[in-house]
Amino acid sequence: MADTTKNTIIRDFRSMSFYQIWIRSFADGNGDGIGDLIGVYDKLDYIKSLGVDGIWFSPLYPSPNADFGYDISDYYDIHPDYGDLDLFKKVLKGAHDRGLKILMDLVVNHTSDEHKWFLESKKSRDNAYSDYYIWKDPKIVKGKKCPPNNWDSLFEGKAWEYVPERDQYYLHIFARKQPDLNMDNPVVRQEVKKIMRFWLSMGVDGFREDVITFISKHPDLPDGNPFIPIANGMPFYKDGPKIQEYLREFRDVCLEYGALQIGEAPMTTVETALLYITGKERTLDMMFHFDHMMADCFLTEYIHRDFNLVKLKSAFSKWQTRLLGKGWNALYLENHDHPRIISRYGDEKNFWRESGTALAACYLFQQGTPFIYQGQEIGMTNISLSSIDKYIDVSSKNNYNNFHTNWPKAKRLKRIMDSSRDSSRTPMQWNSDKYAGFSSVKPWFYINHNYKTVNVEAEEKDPDSILNFYKKCLAIRKENKGLIYGRYFEHFHFSKKLYVYTRRYKNERYLIMISFSNIEEKIKVPKGYDLNEMELLISNYKDTDSIDFYANLRPYEVRVFKNK
Ligand code: NOJ
């Protein structure tokens, strides 16, 4: 049994913050155009310099990359593009030596169809792996073989694929190359626990658990409502009947090591999340929900809309208030599944720096553990590719090919430009050299044209950069307990231009004011707060020494105050 006294992450995660690495586009250390672990090792000091406490790695494992690592073909190794286990151990040690924790992605709702379990499973109905996946007989309709139910896959057409060798269909909630594991099979759960122990005993500090709320399916797999676009069937695989039981088993493994568990929970509600993250008996420490990712869209980009600040504030405030004293928030604005936040909720054209810093302040001072996605800290923005063939993400292609097919081509492409996950997967912009300092050769994917100005080297030198603002915010959060533990209140909820919130902790008072406007706005100060009695902790405008605290807020201005 592991020595639990060693890992304090399970106790300390509330005051920590994390940096997410999507390795393929982070830093190429061996000159083949693909990001890798040598690149990560070389950048550990940079990551430490941000002031974060750990790294979450999106999958590093061998994978045919139908979904860039989220289709795993071997849970016990590192993808040869990124290095090998020895190199991983070197990175792990390098991180630990710097006081950085390491979280791995645990993807066990599905495997790759090239995983040896699936290759065996699909051969026959009676081999050692035949029950590792969700297989069903065809439904016979008018003498024809049809899928067992009407569910849609989230990534590629229908959720079932026929395999002649078994004369059966297998379930894939995501792409065809991502067959869903049968978690009701106790042997599969043993496999999951074995995988967890393998990485935890190596010294990994915890897991981000991919679509973990999907692992327990309704036993009857009933038909869903076909009028629900994209997610037909979801009520029968999200938060299924055995979910808590299975997570309890995985939790016990993590507790042996004092390891952290964060569950990804698409479409979850705050009420449901509380069932997972409340109290000592909780099955997860935190959850990534999607509510605040829908302030400019409907049903995760099924339809794109103008950014709506009130919608964003509603989502933030709901989670902040409902979790208070019961659970702990995982805070994020970007990850590898969403386009860049400045391009969505900010103004990348006219107020790139101001809106990038405003967005940082809008979430880093909330109650929860912040996650920062590679490139977010320098204000990277979306790419616009000229044709759908240039996009490589399986879900972007699905969105283009299967929805709104009656729209004109240009409008369909614009929808993908607004929503594609490819926008957050372009190579990291380290400097203004050829290939943005990401690699010495042509990178595997397009670099954003703005790398000459938007890059780490330039922003490190500029005291007013987005990068330095992130660093300052993280340092301020560390120094002020009230910004970690304080109670959150939102003010002026119906303002379409300002986001104002306060935090209170013992006798500490904080006031965070953020303008989301591209013109000057009259300041609004909550009752009981006298700005002249407070000190300004941080702002994203320069003249803070001379400014009248009651002056109008300038475009995307941030002012964060603390009582004296
Ligand atoms: C969520 C991951 O974050 C995403 O990248 C992936 O495509 C799906 N789960 C399927 O694994």
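Exactly one residue out of TYR46, TYR75, TYR82 is in the same structural domain as ARG208 (by TED's automatic domain parsing), outside any loop (DSSP other than H, G, I, E, B) and either surrounded by 24 or more Cβ atoms within 10 Å (Cβ to Cβ) or not basic (Lys, Arg) (or both), and it is TYR46.
When the residues of the stretch 102-128 are filtered to those that are away from the ligand (no atom under 16 Å from the Cβ) and not in a helix (DSSP H, G or I), which remaining residue is nearest to SER73 (Cα to Cα)?
First, the residues of the stretch 102-128 that are away from the ligand (no atom under 16 Å from the Cβ): 102, 116-117, 119-128.
Adding the requirement that they be not in a helix (DSSP H, G or I) leaves 102, 122-128.
Working: ILE102: 22, LYS122: 15, LYS123: 17, SER124: 20, ARG125: 21, ASP126: 22, ASN127: 19, ALA128: 18 Å.
Per the stated criteria, the residue is LYS122.
Of PRO241, PRO266, PRO235, all but one fail to be touching a His at 6+ places or on another chain (Cβ under 9 Å), of a type outside the set (Gly, Ala, Ser) and within 16 Å of the ligand (Cβ to nearest atom); the exception is PRO266.
Suppose the filter is in the same structural domain as PRO235 (by TED's automatic domain parsing) and either within 30 Å of LEU50 (Cα to Cα) or without any contact (Cβ under 8 Å) to a residue 60 or more places away in the chain (or both); does ASP105 pass it? So ASP105 fits the description; yes. The residue list GLY51, GLY99, GLY69 contains one member that is more than 16 Å from the ligand (Cβ to nearest atom) and crowded, with 16+ Cβ neighbours inside 10 Å, which is GLY51. Within the stretch 395-412, being crowded, with 19+ Cβ neighbours inside 10 Å and closer than 21 Å to ASP306 by Cα holds for SER396, ASN399, TYR400. Just so you know, in the stretch 54-66 the residues that are closer than 25 Å to SER420 by Cα and not in a loop (DSSP other than H, G, I, E, B) include one that is farthest from the ligand (Cβ to nearest atom), and it is ILE55.
From the list ILE392, ILE383, the lone residue that is buried (at least 22 other Cβ atoms within 10 Å of the Cβ) and among the aliphatic types (A, V, I, L, M) is ILE383.
Hey, can you tell me all the residues within the stretch 376-398 that are within 16 Å of the ligand (Cβ to nearest atom), assigned to a loop (DSSP other than H, G, I, E, B) and free of Cβ contacts under 8 Å to residues at least 60 places away in the same chain?
We begin by selecting, within the stretch 376-398, every residue within 16 Å of the ligand (Cβ to nearest atom); these are 376, 391-398.
Now restrict to residues that are assigned to a loop (DSSP other than H, G, I, E, B): 391-393.
Within the stretch 376-398, TYR391, ILE392 qualify.
Can you find a residue that is buried (at least 16 other Cβ atoms within 10 Å of the Cβ), within 16 Å of the ligand (Cβ to nearest atom) and modelled with pLDDT under 95 anywhere in the stretch 129-145?
Step one: list which residues in the stretch 129-145 are buried (at least 16 other Cβ atoms within 10 Å of the Cβ), which gives 129-135.
Applying the additional criterion that residues be within 16 Å of the ligand (Cβ to nearest atom) yields 133-134.
Next cut, modelled with pLDDT under 95 only: none.
So far as the stretch 129-145 goes, no, none of its residues is buried (at least 16 other Cβ atoms within 10 Å of the Cβ), within 16 Å of the ligand (Cβ to nearest atom) and modelled with pLDDT under 95.
Counting only residues that are part of a loop (DSSP other than H, G, I, E, B) and within 16 Å of the ligand (Cβ to nearest atom), the stretch 158-211 holds 12 of them. Output the residues belonging to the stretch 246-295 that are buried (at least 18 other Cβ atoms within 10 Å of the Cβ), free of Cβ contacts under 8 Å to residues at least 60 places away in the same chain and acidic (Asp, Glu). Listed by number, the residues that qualify are GLU264, ASP291.
The single condition from (1) surrounded by 15 or more Cβ atoms within 10 Å (Cβ to Cβ); (2) under 24 Å from LYS311 (Cα atoms) that LYS527 fails is (1). Number of residues in the stretch 405-434 that are in contact with a Ser or Thr (Cβ under 8 Å, 6 or more places away or on another chain), more than 14 Å from MET380 (Cβ to Cβ) and of a type in the set (A, V, I, L, M, F, W, C): the value is 3.
All of SER49, SER25 fail the test of being under 21 Å from the mean Cα position of the chain (by Cα) and of a type in the set (S, T, N, Q), apart from SER25. Flag not set for TYR550, criterion: of a type outside the set (S, T, N, Q) and surrounded by 15 or more Cβ atoms within 10 Å (Cβ to Cβ).
Within the stretch 351-375, restricting attention to residues that are among the aliphatic types (A, V, I, L, M) and assigned to a helix (DSSP H, G or I), the residue that is farthest from the chain's Cα centre (by Cα) is ALA358.
Do we find that SER424 is within 16 Å of the ligand (Cβ to nearest atom) and either touching a Phe, Trp or Tyr at 6+ places or on another chain (Cβ under 7 Å) or modelled with pLDDT of 95 or more (or both) in this structure? Don't jump to the end; show me each part of the working.
Values: within 16 Å of the ligand (Cβ to nearest atom): yes; either touching a Phe, Trp or Tyr at 6+ places or on another chain (Cβ under 7 Å) or modelled with pLDDT of 95 or more (or both): yes.
Criteria met by SER424.
The values are calculated or read from the model by the stated rules, or taken from the named source; none is laboratory data. Everything numeric in this text was worked out from a predicted model, so none of it was measured. Counting neighbours? That spans all protein chains shown, and the Cβs are built from the backbone with ideal geometry, glycine included.
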